[in-house]
Amino acid sequence: MSDSEGSGAEKRKYPRTPLSILVQYRFNTFEDFLAEYSVNLSMGGIFIRTDQPKEEGSIIYLQFTLADGSRLIEGMGKVVRVNPPGVAGRVAGMGIEFLNFDDESMALVEEILASRQAKKN
């Protein structure tokens, strides 16, 4: 179990793949985009490393691109888990469940995961 998974790992629908990618996000249309790095990614969501996580239930707009910057992945997500900063053995941040990603964005997430899995084998 990694330090970002905690005790909920056995309840996950999708396996997590370690991935550090810059993710831009905002919580409402009046805020500027914030940018932090992810810890892992799955078909169901992403964990974002941050010392200022939003509270569980918050709805956020996410954007990230493929490593070569060629294609944008974007959609709405919901904060479903928060790891506050300063807890030993845990990465501070928030787990985001994908809510409203179009088929093209989900296909790109699947492509990233397949590519990462192929590199491991």
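Every number in this text was worked out from the coordinates using simple rules, so none of it is lab data. Bear in mind the structure is a predicted one, so any value in this text is a computation, not a measurement.
Enumerate the aspartates and glutamates that K13 could reach by cross-link, defined here as Cα to Cα under 20 Å, with residues fewer than 8 away along the same chain left out.
The reachable aspartates and glutamates, counting only those whose Cα sits under 20 Å from K13, are D3, E5, E56, E97, D102, D103, E110, E111.
For the stretch 26-88, report the translational diffusion coefficient in µm²/s to the nearest whole number, using Stokes-Einstein at 20 °C, 1.002 mPa s, and a Kirkwood Rh over Cα pairs.
166 µm²/s
Taking 1 over the mean of 1/r across every pair of different Cα atoms in the stretch 13-120, what Kirkwood radius in Å do you get?
Kirkwood radius, the stretch 13-120: 14.0 Å.
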